[in-house]
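Here's the structure we're looking at; comments come further down.
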Amino acid sequence: MELGFAALSVFVVGLMGAGHCLGMCGGIVGALSMAAASSRERWLRLLLYNIGRLSSYSLLGAVVGVLGFAFAQILGPWLRVVAGLLLILMGFYLANWWRALVWLEQGGAYLWRFLQPLGKKLLPLSAPWQALPLGMLWGFLPCGLVYTALAFAASQGDGVSGALMMLAFGLGTLPAIIVSGALAVQLQTLLANASLRLVMALLLIAFGVWTSAVAFAHASHTSSAPHTATNFSASNLSTTNYAVTNNAAIMNQQPWHH
């Protein structure tokens, strides 16, 4: 149940970030569509491109999920607290209140410098199948939305759940990527609606607050558990010592017959 709710949340992140996705990937999608010889080839290119892109998202989700498991041994529930705080920042980002997540994109730009030349070599596409590796490369494009979703995927603590989180996020971005022409303009207009963005931003903030609050309570309980266990053990030891002393006194008072 919790995994499904978390997946729905990152799906909404991808959906509401569609305007951002159009700015980041709209150009490459337009190039894929315009260079197609037929409508069938156009849809094949878009399909392969998005399969590649979502494959990269899922792979990244699996990697950070495994890393999240390793960090969870040290940070425990605090990793979930951080994920909740990032969701709150995501809500601020979507509501255009505070774009603090932009610094994440700046960090990812270093990796993109090595991958971007590979993508340029595939353009223009000479065959539809080349859209698949192009989409896989484009999955590493610096994007604050992607990195925030990855942070939440890491908090799941295992590779499978992390991959599912990023797959759900990728599916949320599909409407903005696949739909083209006049429908894309209408979609962008809908997503730019201030009231709709505010509602979705508030929902993300609420989920982020709930995630952080539950994780914080669990973290506080975990931190106090060893102290409680120590007191309990000390109490048991004291009781045991008393029992041994008392039994020894009773034994000394008993008349023993051989």
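Ordered by 1.4 Å accessible area with all protein chains kept, Leu85, Leu196 run largest first as Leu85, Leu196. Once the C-beta distance of Lys121 and Phe216 is scaled by a Förster radius of 41 Å, the resulting FRET efficiency is 0.30 to the nearest 0.05.
For the pair Ala194 and Tyr110, a Förster radius of 30 Å applied to the C-beta separation gives a FRET efficiency near 0.30, rounded to the nearest 0.05. Legend: calculated FRET efficiency, Val209 to Ile51, from the Cβ-Cβ distance at R0 = 25 Å, rounded to 0.05, equals 0.10. What region 88-132 shows is 65 Å² of accessible area per residue, with the surface traced by a 1.4 Å probe over protein heavy atoms.
With distances taken between every two different alpha-carbon atoms, region 101-166 has a Kirkwood hydrodynamic radius of 13.3 Å.
For region 100-175, carbon and sulfur atoms together expose 73% of the accessible surface, with a 1.4 angstrom probe and every protein chain in place.
The values are calculated or read from the model by the stated rules, or taken from the named source; none is laboratory data. Keep in mind that what you see is a predicted model, and the values were worked out from it rather than measured. Every residue, glycine as well, gets a Cβ built from its backbone with ideal geometry; the counts of neighbours run over all protein chains shown. When the accessible area is computed, the model is the full protein with side chains, heavy atoms only, and any ligands, DNA or RNA have been set aside. Shrake-Rupley method; radii C 1.70, N 1.55, O 1.52, S 1.80 Å.
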